[in-house]
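See structure below.
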Amino acid sequence: IGRSVAEVRRILADLSPAVLEQLGLAAAVRQLLRRFRQQYAIEVHGDLAGLGEVPGSTARVAYRLVQECCNNAGRHSSASRLNIRLSTDDRRLRLRVRDNGVGFRLEQALSRGESFGLAGMRERIALVGGTLRVDSRPGRGTTITAELPLKSAGEPSPADG
């Protein structure tokens, strides 16, 4: 029972990480990567040096993208290395996640109807007006690139004060 309670708490924390709301995207991603390193035997490099302030809805989408990319890499890629880069400029957040794993054929993955993670990423990004690119080939690893606008409709940008 104790293990089940701990697992439910972990799942709830993953769904709505308090650190994201309290300390922002960079701190939440760092925490996510620490947990990932403990769970998987994959060398992880996180580059967050160019990450500025990110508004709430965009931060939540970006966090979920990083989370899904990590989950996919850990479960499916057989990668030994995972590189994650998040940066912002005045108008957008850029995310790039690259692994050196087994890769896959995107068309086949999407046609099987089993790619709920990829479909979910596309839906989340589309809802905030962003773009997603998935580059993968068998034996060549996978690179996920996303751009998200920093200002969502009806949400003030950080510069608006």
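Just a few scattered comments:
- Applying the Kirkwood pairwise sum to the alpha-carbon positions of segment 1-83 produces a hydrodynamic radius of 13.6 angstrom.
- Cβ-based net charge around L23, under 12 Å, with every Lys or Arg adding one and every Asp or Glu removing one: -1
- Extending 7 Å from Cα along the Cβ direction at D135 and again at H76 yields two label points whose distance is 1.9 nm.
- Across segment 94-145, the fraction of Cα-Cα pairs farther apart than 14 Å, rounded to a whole number, is 56%.
- Ratio of Rg to Rh over segment 36-76 (Cα coordinates, Kirkwood Rh, two decimals): 1.03
- Couplings for segment 77-90, taken from phi via the Karplus curve 6.51 cos²θ - 1.76 cosθ + 1.60 with θ = phi - 60°, read 7, 6, 6, 9, 9, 9, 10, 10, 10, 10, 8, 10, 10, 5 Hz in order; Gly and Pro are left as x.
- log10 of Debye I(q)/I(0), alpha-carbon scatterers only, for segment 28-139 at 0.20 Å⁻¹: -1.17
Read-outs throughout are calculated quantities, based only on the coordinates presented, and are distinct from any laboratory measurement. Note that the structure is predicted; figures quoted are calculated from it, not measured. No Cβ is skipped: glycine too gets one built from the backbone with ideal geometry, and neighbour counts run over all protein chains shown.
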